[in-house]
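Visitor: Sharing a structure, written as structure tokens. Questions coming.
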Amino acid sequence: MKKQYVRLLCGALCLLMLALAGCQAVGGTDAGKILVNALQASSYEGTQTISISMKSDEQAAAGKPDLSVLNEVTIVMSEVKKQGDGWTSMKGKLKLAKAIIPFHLTLTKNQMAVLVEGAAKPVVFEWNIGDSLGKLMGGGGGLAFDLGELNDPDQLARLLGPFVINHMPNPATVKSEQATATVNGKSESFTKLHAEIKGSELAGLVEGFAKNVLADQEGMDQLVKDALTLLFGKDYSPLIGNIAGGAIKETLPKLFTGLEQMVAEDKVKGYLTDTNTLKVDLYADAEQQLRKADYELSIKAPAGAAKGFQELTVKSSSERWNIGGTVQADILDLSNAVKLGEGKGMPDFLRTLDKKSDVYKLLKDEVKIYRKNIRMPLGDGLPGENEVRPYLNEEKGTTMVPVRFVTEKLDAEVLWDGDKMEATIIDLYTGKKLVFTIDSDTVLIDGKEVQLEAAAVLQGGSTYVPVRIIAESLGGAVGWEEATRTVSIVRD
């Protein structure tokens, strides 16, 4: 997905958070209490359906996957189980125009794992919320806090949620009424909160929230105290509290100024119009527990916008029951899981897929995940120890590239035999096998000997071979950009 699409979706989520948080006391209904209860629910069962529709007139660039297949997506989570702090499971289906893919997803305190039908192993995404917050608080060369222990999304929501809700101004359109709705197949009576927020309100909401937060020194001090208690227990040093409080006081005005500057930018202001809206319906029971929630977000590009994104519609409907009851989440076994974000996570994941499965066909035939565009600037001279980059074999006039780096970028498997000094490459998509031997000017391709432009060599601890043989054997084409002295491999 293009970077501007990612920014757009992030902006949409911010808009959603503002609308959710901005409904406080309405018609005698304590909306803030309902929202806080929703954040603090330790266990529940439920369902959720999310549909995403995106229109764009931009085509996939050469060597890049085609993500247009994701322009129409429906995610149906028919079985949601939140067991307790940091433990949630979801089972459902990803519905696309040409495929329906069942999945099983689990969330724990510091990771998300997904097993899709057709895969032999789940994939895992890991994060650390505390580390990210610490860097934010200490950004710009200031004091960096070690918040690594604050790595539970539930704890973070309970810490920050009430504070945000209590300081967010209401949107212009918000009302409360009694209504009947169906939850878990049963018709019940609820208090219904309806809110609408227009893009033209966003700047005012950001400004109002910033002013409310900065004016509440007592609330800020309490937030810092609660955060430090969560991290260190009740017996933390007062010095730590003073330092943390000072850092937050210094950082928040800069953060809010940055937000206000962002919504004032011309390229953002074009989206902050009455045309772009978010509608929210929340249904709460007599105990002020959120039982049902419906959202609809609509964003259209302004007239005269650059080619690319044109329109986005996101709809969500969720239900909850058995809130606070005994719930057993179905947590995936991750003993043999594939970790993404470690360089070769995607190739490892693709290797676990049944080649006849819908998800493999989707990735290969529709998304065209095999498309690659690798750019590698040449440096001067030979690479040093542990330096991985192309270089020019001046004697042969051939560009040499690091085998492992290139092949893993092309989703191939690399095996090294130190006794034989051989590097074996296996193409994930075709099964083609290349065997390079150090100091040999030939390569075995599916058992057939082929002459090389230059011999394979060890340089700086890595195996290097001529770029053309490895690129073309794995279905790519070699390019050269003289102005930047950059060699490229494009595979379509």
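Visitor: So what's the back-of-envelope 222 nm ellipticity for the chain, counting only DSSP H runs of four-plus at -39500 (n - 2.57) apiece and dividing by all residues, rounded to 500?
Guide: Values: 12 runs with 139 residues, N = 492.
Mean residue ellipticity, 222 nm, calculated: -8500 deg cm²/dmol.
Visitor: How about LYS396: which lysines have a C-alpha closer than 24 Å to its C-alpha, ignoring those fewer than 8 places off in the same chain?
Guide: Cross-link targets: LYS448.
Visitor: I'd like to know which of GLY479, PRO466, LEU434 lies farthest towards the positive end of the charge dipole of region 372-491, counting +1 on Cβ of Lys and Arg and -1 on Cβ of Asp and Glu.
Guide: Of the listed residues, the answer is GLY479.
Visitor: Related question: Fewest Cβ neighbours within 10 Å first, please rank SER473, SER298 accordingly.
Guide: Least crowded to most crowded, the residues run SER298, SER473.
Visitor: Any idea how far the Cα center of region 473-491 sits from the one of region 340-396, in Å?
Guide: 13 Å
Visitor: While we're on this one: Can you spot the lysines whose alpha carbon is less than 21 Å from LYS82's alpha carbon? Ignore those fewer than 8 places along the same chain.
Guide: Cα-Cα hits under 21 Å: LYS33, LYS91, LYS93, LYS109, LYS186, LYS292.
Visitor: Using alpha carbons only, how many degrees (0 to 90, rounded to 10) separate the axis of helix 202-215 from the longest principal axis of the chain?
Guide: Rounded to the nearest ten degrees, it is 70.
Visitor: Report relative contact order for the chain in percent, whole number only (criteria: Cα-Cα under 8 Å, sequence separation at least 6).
Guide: Values: 979 pairs, mean separation 83.7, N = 492.
Computed value for the chain: 17 percent relative contact order.
Visitor: Going Cα to Cα from LYS95, which aspartates and glutamates come in below 12 Å? Please leave out same-chain ones fewer than 8 positions away.
Guide: GLU72, ASP358
Visitor: Then there's this: Kindly express, to the nearest 10 degrees and within the range 0 to 90, the angle between helix 31-40's C-alpha long axis and the longest C-alpha principal axis of the chain.
Guide: Helix 31-40 sits at roughly 40 degrees to that axis.
Visitor: Taking the number of other C-beta atoms within 10 Å as the exposure measure, put THR180, THR463 in order starting with the fewest. Walk me through the numbers on the way to the answer.
Guide: On the way: THR180 10, THR463 21.
The order, fewest Cβ neighbours first, is THR180, THR463.
Visitor: To the nearest 10 degrees, how steep is helix 238-264 against the longest Cα principal axis of the chain, on a 0 to 90 scale?
Guide: 80 degrees
Visitor: Based on the mean of other Cβ atoms within 10 Å per residue, sort peptides 185-191, 50-56 so the most packed one is first.
Guide: Details: 185-191: 13.3, 50-56: 16.3.
The peptides rank, most packed first, as 50-56, 185-191.
Read-outs throughout are calculated quantities, based only on the coordinates presented, and are distinct from any laboratory measurement. Values in this document were obtained by computation on a predicted structure and should not be read as measured data. Here the Cβ is made from the backbone with ideal geometry for all residues, glycine too, and neighbour counts use every protein chain on show.
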